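A.B. asks: Could you have a look at this structure, given as structure tokens, before my questions?
The values are calculated or read from the model by the stated rules, or taken from the named source; none is laboratory data. What you see is a predicted model; the values in this text were computed from it and never measured. Counting neighbours? That spans all protein chains shown, and the Cβs are built from the backbone with ideal geometry, glycine included. To get the accessible areas, we keep the full protein, side chains included, count just its heavy atoms, and leave off ligands, DNA and RNA. Shrake-Rupley method; radii C 1.70, N 1.55, O 1.52, S 1.80 Å.
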Protein chains: 2
Amino acid sequence: MNKIKIALADDELLFRQGLLAILGNQENIDILFDAEDGDDLINKLRSADLQPEIVVTDLKMPGLNGVEVTKLIRKEFPNIKVIALTSYFSKPFILNMISIGAVAYLAKNSTPALMIKTIEQVAKKGFYYDEQVLQYVHESLVSPKDKKTKCTFDANYFTKREIEVLELICNQMTTSDIAEKLFISPRTVEGHRNNLLLKTEAKNVAGLVIYALKNKLVSLDNNSF
Amino acid sequence: MNKIKIALADDELLFRQGLLAILGNQENIDILFDAEDGDDLINKLRSADLQPEIVVTDLKMPGLNGVEVTKLIRKEFPNIKVIALTSYFSKPFILNMISIGAVAYLAKNSTPALMIKTIEQVAKKGFYYDEQVLQYVHESLVSPKDKKTKCTFDANYFTKREIEVLELICNQMTTSDIAEKLFISPRTVEGHRNNLLLKTEAKNVAGLVIYALKNKLVSLDNNSF
DNA sequence: TTAAAAACAGGTGTAAACCCCTATTTTTTA
DNA sequence: TAAAAAATAGGGGTTTACACCTGTTTTTAA
């Protein structure tokens, strides 16, 4: 029997080692290598003789994060399947991850058994949606009334500029700070912020920050404190 | 040789299983039990025939978090040593944890070797400070000019009410929302918020939220999104 | 190459946040 | 049982955030 060849990326060493310990006992799984962040993973993929079939990657990582890693892998290594590993996720975030190429989601509070099952299913069928993700996918496909199918998919997600503004908000910048930094009018910044509030359904900046962190849209590492 | 008896608490099952896998191989460590959150841990401690010498606990957990767990253990089980496990932490937070009774800190990106060393040192000496923590402790003892020694220790930390207000801010509540909820005047809430801003050196609520999450003062699980 | 989406930006107004100050009462702790 | 710390709450003010409009220009993709 051919072993499933995988690679791991997570910035928390203890967690990574834990996964290695758990998966190392699996006779049908072969861990080719593990990486401490996105850059490390991409470098190892580029220089590896033997490519993994599956990459299990954390979403929140310093430097190149899971989202960017997934995009890059899809471009450079289209045969590699990406399983996203995370603690929290919201519907629009998952749908976006799927649209950029992740084939499965694993919550960090999953059982080792579910993790192994997910890896096996991805190796076998190319993807795996658990119940929650399936629910989200279903909801996104059923149009609320007579609207276009794709609506929920994109409309809930963010533009580049919105992400930029969100990051600056998370860096404690005010509207005018952000306007200066981005060389645009404060009114435009307000527009982006309002769109963020609408899309995230947050009530205020506190909600935006929570959303951003929960969905790993910005990293805590680069901030103050 | 007597094995070191420990207990683990972490809400992320995969992480917990990983630790079990790592520590399970250690011949000088005996894991009595593990818990999925603070309440679970306390319950198991109360009903256990054999008490652990050391508890390794995550700080961010739903329900009873690591800070509260540490306080409770110190009261009810003063012989049990607490090792705090976390991803990020700031100087005032560590100093506060030490003052409430934690005997060591472990970053989640530590090596398994460091984790084992920390456990062994705590079992042997009763505490273990790594370089970073030592640095913080040192700084807190050296007065900036001629000020009182204890200053940095307490003045940077938070009162119960401040933590309550911080949590509600993180739940997207406004000043008047919080005032209603706590049956106090909005001005009092403002006072607490101002103290939080001073102590954290945050610029606005965005900063407060970041600080709260980074230092695991509030849990993401109970929130919206 | 033409719609659609994104980015831009203005008006007007209210609510909330934030800043400076003071001061009393309650709780904790040395 | 004092002294310290925490919790309470007020006056008076500026700045920022947020809501609900409107519209144009630029970029992206079918």
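A.B. asks: What are the residues whose amide H is under 5 Å from the amide H of A:I4, where those residues sit 5 or more places off or on another chain and H is modelled from the backbone?
C.D. replies: Correct list: A:I29, A:D30.
A.B. asks: Still on this model: If each label sits 7 angstrom from Cα along the C-beta direction, how far apart, in nm, is A:T111 from its counterparts in the other copies?
C.D. replies: Copy-to-copy label distances for A:T111: 3.4 nm.
A.B. asks: A further question follows. Output, in nm with one decimal and in ascending order, the distances from the A:N194 label point to the matching label points of the other copies (7 Å from Cα along Cα-to-Cβ).
C.D. replies: Output for A:N194: 3.3 nm, nearest copy listed first.
A.B. asks: Can you compute 3J(HN,Hα) from phi for each residue in the range B:161-167, using the Karplus curve 6.51 cos²θ - 1.76 cosθ + 1.60 with θ = phi - 60°, rounded to whole Hz and x for Gly and Pro?
C.D. replies: Karplus-based 3J(HN,Hα) across the range B:161-167 equals 4, 4, 5, 4, 4, 4, 4 Hz.
A.B. asks: Take the rotation relating chain B to chain A, measure from its axis to every Cβ in chain B, and name the nearest residue with the distance in whole Å.
C.D. replies: Residue with the nearest Cβ, plus whole-Å distance, for chain B: B:G18, 1.
A.B. asks: In addition: Could you derive backbone 3J(HN,Hα) for the range A:177-191 from the dihedral phi with the Karplus parameters 6.51, -1.76 and 1.60 (θ = phi - 60°), listing whole Hz in sequence and x where the residue is Gly or Pro?
C.D. replies: 4, 5, 4, 4, 4, 9, 6, 10, 6, x, 5, 5, 4, 4, x
A.B. asks: What average number of partner chain Cβ atoms lie no more than 10 Å from the Cβ of the residues making up A:112-125?
C.D. replies: 1
A.B. asks: Remind me, relative contact order of the range B:158-214 in percent, using alpha carbon pairs under 8 angstrom and six or more residues apart?
C.D. replies: 36 percent
A.B. asks: Can you list, shortest first in nanometers, how far B:F183 lies from the same residue in the other copies, with each label 7 Å from Cα toward Cβ?
C.D. replies: 5.7
A.B. asks: Roughly how many nanometres apart are two label points built 7 Å out from the Cα toward the Cβ at B:E27 and B:T174?
C.D. replies: Using points 7 Å along Cα→Cβ, the separation is 6.6 nm.
A.B. asks: Can you work out the FRET efficiency for the pair A:T159 and B:S47, with r the C-beta to C-beta distance and R0 = 56 Å, to the nearest 0.05?
C.D. replies: Efficiency, from the Cβ-Cβ distance: 0.55.
A.B. asks: What are the ³J(HN,Hα) couplings of the range B:197-209, residue after residue, when phi is run through the Karplus curve with 6.51, -1.76, 1.60 and θ = phi - 60°? Round to Hz, x for glycine and proline.
C.D. replies: 4, 5, 5, 8, 6, 7, 8, 7, 4, 4, x, 4, 5
A.B. asks: Taking both sides together, what accessible area is buried at the A/B interface, probe 1.4 Å, expressed in Å² and rounded to the nearest 100?
C.D. replies: 3600 Å²
A.B. asks: Please give the solvent-accessible surface of B:L106 in Å², to the nearest 10, using a probe radius of 1.4 Å with every protein chain present.
C.D. replies: Its accessible surface works out to 0 Å², give or take rounding.
A.B. asks: Provide, in order from the shortest bin, the percent of all Cα-Cα pairs of the range A:158-214 in each 10 Å bin, continuing until the bin that contains the maximum pair distance.
C.D. replies: P(r) over the range A:158-214, rounded to whole percents: 26, 62, 11.
A.B. asks: A further question follows. Using the alpha-carbon centroid of each, what span in Å lies between the range B:23-37 and the range A:1-55?
C.D. replies: 25 Å
A.B. asks: Same structure again: Could I have the simple spin-label model distance between A:T188 and B:K3, label points 7 Å from Cα toward Cβ, reported in nm to one decimal?
C.D. replies: Distance between the two pseudo-spin positions: 6.4 nm.
A.B. asks: Ok, one more. Using a 10 Å cut-off on Cβ to Cβ distances, tally the other chain neighbours for every residue of B:8-15 and report the average as a whole number.
C.D. replies: Taking the mean over all residues of the peptide, I get 5.
A.B. asks: In addition: State the number of lysine pairs found in the range B:1-137 whose Cα atoms come within less than 18 Å, restricting to pairs 8 or more positions apart or on distinct chains.
C.D. replies: 22
A.B. asks: May I pose another question? Show A:E167, A:E131 ordered by accessible area, largest first, where the area counts protein heavy atoms only and the probe is 1.4 Å.
C.D. replies: Largest to smallest exposure gives the sequence A:E131, A:E167.
A.B. asks: Partner chain Cβ atoms within 10 Å, averaged over the residues of A:196-209 - can you pull that number for me?
C.D. replies: For this peptide, the per-residue mean of nearby foreign Cβ atoms is 5.
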